């Protein structure tokens, strides 16, 4: 028997930004970036590698390792100029358009914040999560 976890309710980015800007370290921050990953219809293999087998994504099973996510967040805080990191990950069976993740990075200058966002999202996607696309042929 497979027990599917219910997907979570997405966070409020407005609330996240409000909290970040009320933090004492906010005075050192000059930029915030938000990443919102969603379930798309185009298969990952087609988007990333150009492999088009004619299938479309209908949904996905999504899980993650919380300890590994915490490690990735800790490493992101070690990057130059980064003062605020917030991550939310969904779980369970996700449908097209559902939120997969939100990541908020706050830091001193644009290059540091962009690099940190890229680092954290890439680390989460490649080492912390399992995404199993459910496909159907066109």
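A short reminder: the numbers here are calculations on the coordinates, not readings from a lab. Here the structure is a predicted model, which means the values were calculated and not measured. Glycine gets a Cβ as well: all are built from the backbone with ideal geometry, and neighbour counts include every protein chain shown.
For the chain, what relative contact order do you get, as a whole percent, if you take Cα pairs closer than 8 Å and at least 6 residues apart?
Details: 247 pairs, mean separation 50.8, N = 138.
Taking the mean separation of contacting Cα pairs over the length of the chain, I get 37 percent.
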Roughly what would the spin-label model give for residue 118 and residue 27, points 7 Å off Cα along C-beta, in nm? 3.2
Only residues of the range 34-66 count here: report those whose backbone N is under 17 Å from the spot 7 Å along Cα→Cβ of residue 95, or say none. 38-42, 57-62
Per the helix-only model, the chain has a calculated mean residue ellipticity at 222 nm (DSSP H runs of ≥4, -39500 (n - 2.57) each, divided over all residues, rounded to the nearest 500) of -9000 deg cm²/dmol
Separation between the residue 12 and residue 40 pseudo-spin-labels, each 7 Å from Cα along Cα→Cβ, expressed in nm? 3.0
What does the C-alpha gyration tensor say about the overall shape of the chain? Classify as rounded when a/c is under 1.5, otherwise prolate if a/b is larger than b/c, or oblate. prolate
Any chance you could run the full-extension gain for residue 127 through residue 74? It's 0.36 nm times the residue separation minus the Cα-Cα distance, nm to one decimal. 17.6 nm
